[in-house]
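One structure below.
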Amino acid sequence: MQDDILQLLQQRLGPVHARQRLGIESEKEPRVFGGGLNFFHPENWYSAHVLIEYALRLSGLYWIGYRNTLKIQVRRNEVRIAGLPAKFDGFTLLHLTDLHADLNPPAIAALAELVAGLEYDICVLTGDYRAQTYGPHEPAIDAMRALCTQLSQPVYGVFGNHDSIRMLPGMESMGIRMLLNEHVEIKRGEDALFLVGVDDAHYYRVDSVATAAAEVPPEAVSMLLSHTPEIYRQAAHAGFDLMLCGHTHGGQICLPGGIPLTLDAKCPRDMGSGAWSYRQMQGFTSVGAGTCIVPVRLNCPPEVVLHRLRCH
């Protein structure tokens, strides 16, 4: 089995990418300090959830925050793109991110019920399907399988810093086309859009915008899926029209007014949630539908996003 997954990943990713990903994952536990774009990685600290949960229970906020995780909102974002082919006017993407599907099963059940009633052309997933950053990934795959029965095809995804590259066969077995520094062409008649996805840039740092977009025509409308907004400069200078990402959770536990205590991302604070732009590229960072470390949200409701493309 180990030889099979290694051979699969080498064929799909190339030997260097496969060695990088598998090599970092082979470390017993991801680093709390160092590694990745940030110095401190609280999600890798094994006792973080105990301390945070204890503080929330002591303050009386734990159960309020837990109930908030079940109140998933549908957010709508209209994106006007110069040069968008007329046949794609109104084209809609359902954007899900940071599900951490095995952390809070009732929230995933609520999410499945919500998305079953939505209309869209494609669904895109921007990473972090697993709760832990190491260890078994089968519980996350099982939880994702239940959700995917409610998603309309086609579905495309990228991996995040919580995800193991060994999840690839399981994710694609349920109909999710994972983009690992790869692209797909979406056609309507003679017109086309290009959807590009990169592997995790935050912790594993195995993203390659250049490789992923190498065959995208410069004049074509293109969209980038990245787990984190932290590669916004690379994306903008590569000529993408739209970048969709997650990772930040919008802070997840915020002060009144939605002010995040931390975003765990090395990017401008206004890119931590919602719509933003950099140079000629538009971007959107979703706060996500799930939770990390503890199943609690305060002043930062979970969401799914419907992005509707419009001709400029």
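Every number in this text was worked out from the coordinates using simple rules, so none of it is lab data. These numbers were taken from a predicted model, which means no experiment stands behind them. Methodologically, a virtual Cβ is constructed for each residue, glycine included, from the backbone with ideal geometry; neighbour enumeration extends over all protein chains shown.
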So between Leu255 and Ala220, what do we pick up on full extension, going 0.36 nm a residue minus the alpha carbon distance?
8.5 nm
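So if each residue of separation counts as 0.36 nm, and I subtract the Cα-Cα distance between Arg310 and Tyr134, what length gain in nm does that give? Walk me through the numbers before you get to the answer.
Numbers: separation 176, 0.36 × 176 = 63.36 nm, distance 4.05 nm.
Taking 0.36 nm per residue and subtracting the Cα distance, the gain is 59.3 nm.
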Centroid-to-centroid separation of region 188-210 and region 65-118 [C-alpha atoms, Å]
19 Å
Taking 7 Å along the Cα-to-C-beta vector as the label spot, tell me the His237-Ser277 distance in nanometres, rounded to one decimal.
2.1 nm
The residues Glu113, Glu25, sorted from fewest to most surrounding Cβ atoms within 10 Å, come out as Glu113, Glu25
Given Cα positions, please report Rg to Rh for region 186-312, the hydrodynamic radius being the Kirkwood one.
1.00
From phi via Karplus (6.51, -1.76, 1.60), per-residue ³J(HN,Hα) for region 118-133 in Hz, x at Gly/Pro
9, 10, 6, 8, 9, 10, 10, 10, 10, x, 6, 8, 9, 6, 7, 9
Lys/Arg +1, Asp/Glu -1 at C-beta; the chain dipole; positive extreme among Gln150, His227, Thr262
Thr262
Between Met174 and Arg269, the two model label points (7 Å from Cα along the beta-carbon direction) sit apart by a distance in nm of 3.7 nm
Per 10 Å bin, what percent of the C-alpha pairs of region 86-180 does each bin hold, from zero upward?
16, 52, 25, 6, 1
When the chain is fully extended, how far beyond the present Cα-Cα distance does Gln153 get from Gln7, taking 0.36 nm per residue of separation?
49.8 nm
Normalising by the residue count of region 2-311, find the relative contact order in percent from Cα pairs under 8 Å and 6+ residues apart.
25 percent
Mind listing the long-range amide H neighbours of Asp200? Cut-off is under 5 Å, sequence gap 5 or more, other chains count too, H placed in the peptide plane at 1.01 Å from N.
Phe159, Val206
Explain nothing, just compute: Karplus ³J(HN,Hα) = 6.51 cos²θ - 1.76 cosθ + 1.60, θ = phi - 60°, for every residue of region 209-225 in order, whole Hz, x for Gly and Pro.
4, 4, 5, 5, 9, 4, 9, 7, x, x, 8, 7, 6, 9, 10, 10, 9
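Could you give the dipole magnitude of the chain about its Cα centre, charging the beta-carbon of Lys and Arg +1 and that of Asp and Glu -1, in debye to the nearest 20? Mind showing how you got there, number by number?
Working: 26 positive and 33 negative charges, 142 e Å.
Dipole about the Cα centre, nearest 20: 680 debye.
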Determine the percent antiparallel among the DSSP beta bridges restricted to the chain, to the nearest 5.
40 percent
Enumerate by residue number the GluC sites (Glu not before Pro) in region 219-312 meeting two conditions: DSSP loop (anything except H, G, I, E, B), and at most 15 other Cβ atoms within 10 Å of the site's Cβ.
Glu219
Thr92/Arg145 FRET efficiency (R0 30 Å; Cβ-Cβ; nearest 0.05):
0.75
Step through the residues of region 187-193 one at a time and calculate ³J(HN,Hα) from phi using the Karplus curve (6.51 cos²θ - 1.76 cosθ + 1.60, θ = phi - 60°), rounding each to whole Hz and writing x for Gly and Pro.
10, 9, x, 8, 8, 8, 10
Can you return the aspartates and glutamates within cross-link range of Lys266? Criterion is Cα-Cα under 19 Å, with same-chain partners fewer than 8 residues away left out.
Glu43, Asp98, Asp128, Asp199, Asp200, Asp207, Glu230
Run the helix sum for the chain: -39,500 (n - 2.57) per DSSP H stretch of 4+ residues, divided by residue count, reported at 222 nm to the nearest 500 deg cm²/dmol.
-7000 deg cm²/dmol
Mind checking which of Gly170, Trp63, Leu111 is farthest towards the positive end of the chain's charge dipole, using Cβ charges of +1 (Lys, Arg) and -1 (Asp, Glu) about the Cα centre?
Trp63
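D for region 2-311, whole µm²/s, Stokes-Einstein with Kirkwood Rh over alpha-carbon pairs at 37 °C and 0.692 mPa s: what number?
On the way: Rh = 19.5 Å.
For the chosen part, D equals 169 µm²/s.
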Hey, can you grab everything whose amide H is under 5 Å from the amide H of Val124? Only 5+ residues off in sequence or another chain; H modelled, so Pro and N-termini drop out.
Leu94, His95, Leu96, Tyr156
